[in-house]
Each structure stands twice: as structure tokens, then as C-alpha cells.
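Written below as C-alpha cells is the structure these notes are about.
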Amino acid sequence: MSAIIEKNQLTLISIAETAKFYTSLCLGITAFISVFAFLFLIPFVVDPAITSLMADYEPEPVTCVGTQHVYAEGLTNCSWASCREGCTREATRCHQIYVNYTKIPFRDWKPPLNVQWDVVDTRFLINAEGCGYPPSVNCSEFARQYGYNTAGTPFPCYYSRVYPDIVVARYSWDDTLRHLILSITIPNLLFAASVGVLSYWYCPGCGKTCNKYMHHFPAEDDDYDDNSY
């Protein structure tokens with residue numbers, strides 16, 4: 001009987017050790033991926049989001065009118081681009097769109113006889129970074145919507161209150177802040193949780209550190225001789 005009990009105990013210990021091994025492996029991979037994910041998100045999400053928040057774009061769209069659309073080819077001619085598919089590569093073909101804008105909200109726009117533009121012939125970007133990846137960013141569609149034969153047609157846009165010459169077609173303060181918070185918190189929380197569990201399991205001093213204060217509390221069945229004094 002005792003042999004059977006001992007065998008069952010060894011089986012349970014073996015299952016627990018196996019589960020601990022695979023759990024540790026998953027936690028290690030999670031911590032590794034979290035580090036690289038955070039490093040990847042810094043240039044693509046964190047830095048652009050911080051830049052957008054610091055630029056302090058007008059949250060309500062104002063009124064823009066296109067004035068010029070230039071399609072250029074070659075690295076020399078594409079020193080800047082209104083839209084770029086791929087933020088890490090140089091543009092060899094680019095659309096350069098210029099606009100006038102007034103701070104009149106687009107929802108209140110009524111074509112006056114003489115428009116007093118706040119800024120004229122400034123560069124127009126698809127978003128705060130001026131680039132992105134398909135399918136969310138399609139430069140050909142962007143050019144058809146805001147360039148070519150659409151000059152003189154009013155459309156909503158967003159200008160920077162810190163840098164008034166910067167005008168973008170897409171901006172949302174809520175989305176920018178949400179992406180910034182998620183890109184910072186999720187990888188770091190996953191990394192901290194994974195490393196914390198692994199440290200508790202495999203660091204010899206962690207268990208002692210967590211349990212050392214328990215020795216200061218007496219057990220319930222300890223006897224105290226209050227009359228010994």
C-alpha cells in the first residue's frame with residue numbers, strides 16, 4: 001500500500017515538474033518577445049505618438065483647400081512626401097500636395113466671397129508621420145482624394161497649434177493616446193510578470209525574502225508564559 005502511495009506521489013511530482021518546465025519556457029519566450037516588441041514599437045508607435053501629442057493638433061477639423069499637387073520621381077525630387085507607404089524606406093516616387101487652411105471649423109464652413117487664409121501654400125501630410133503601411137495608408141487613393149483635379153474643393157484637416165505650418169488629413173487625440181499607453185504598458189507588464197514569476201521560482205533568495213517576515217509572527221499553538229515575569 002505504501003509503495004502505491006509513494007508511486008502516486010512521484011507521478012504527481014513528475015507532472016508538476018513537467019508543467020513547471022513548460023510554463024517557465026513559455027514565460028521566458030514571453031519576456032523575450034516583449035522586449036523586442038517594445039523596441040519595435042518605439043520608432044513606429046511610441047515616438048510618433050509622443051511627437052503628435054507635443055505638436056498639439058487642433059482636435060476639431062478646420063477647413064483646407066488644395067492649391068498645388070506635384071508628382072515627382074527620384075530621391076532628389078522626393079525630399080519630402082505628403083504620403084509614403086513604408087516609414088523606413090526612401091521614397092523614389094512621391095506626391096507633394098500644398099494647401100491653404102483657415103481656422104474656421106469645417107462643419108461651419110460657408111464659402112465667402114473673400115477668404116482670409118491663416119496659412120497659405122503649406123505642406124499637407126496624410127498623418128502626423130507622413131507615412132504608414134497598407135491597407136490603412138494607400139498613397140494612390142490619398143492623391144486621388146486630395147490632389148489632381150480636386151484643387152479648390154474644401155475638405156477637413158488638422159493643423160498643429162505648436163507648429164502652424166504642419167497640416168494633416170488624419171488625427172485623433174484619443175486614438176493617439178490609447179496607442180501610446182497600450183504600446184508602453186502591455187509589453188512592459190508582460191515582461192515584468194514573466195520575469196517576476198521566473199525569479200520567484202528559480203532565484204534562491206526570492207522565496208526567503210518573501211517569507212522571512214513570517215517568522216516574526218508566532219504560531220497559534222505557541223504557549224506564552226505571561227506570569228514568568
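A compact table of results
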| quantity | calculated |
| --- | --- |
| Separation of alpha-carbon centers, the range 31-70 and the range 116-177, rounded to whole Å | 13 Å |
| In range of the label at residue 26: residues from the range 156-196 whose backbone nitrogen is under 13 Å from the point 7 Å along Cα→Cβ | 194 |
| Å² per residue, accessible surface of the range 68-185 at 1.4 Å | 60 Å² |
| Per-pair calculated FRET efficiency, R0 = 35 Å: residue 186 and residue 140 via Cβ, rounded to 0.05 | 0.55 |
| Heavy-atom SASA rank of 131, 203 (probe 1.4 Å, accessible area, largest first) | 203, 131 |
| Residue 77/residue 163 FRET efficiency (R0 22 Å; Cβ-Cβ; nearest 0.05) | 0.35 |
| Note, ³J(HN,Hα) from phi for the range 167-173, Karplus 6.51, -1.76, 1.60, rounded to Hz, x at Gly and Pro | 10, 10, 8, 10, 6, 9, 4 |
| Probe 1.4 Å, all protein chains present, accessible-area order of 20, 110, 103, largest first | 110, 103, 20 |
| For residue 125, residues with placed amide H under 5 Å, excluding near neighbours | 167, 168, 169 |
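The values are calculated or read from the model by the stated rules, or taken from the named source; none is laboratory data. Computed from a predicted model, the values in this text were never measured in an experiment. Positions of Cβ are generated from backbone atoms using ideal geometry, with glycine treated the same way; all protein chains shown enter the neighbour counts. Areas reflect the complete protein model, heavy atoms only, side chains present, ligands, DNA and RNA absent. Shrake-Rupley method; radii C 1.70, N 1.55, O 1.52, S 1.80 Å.
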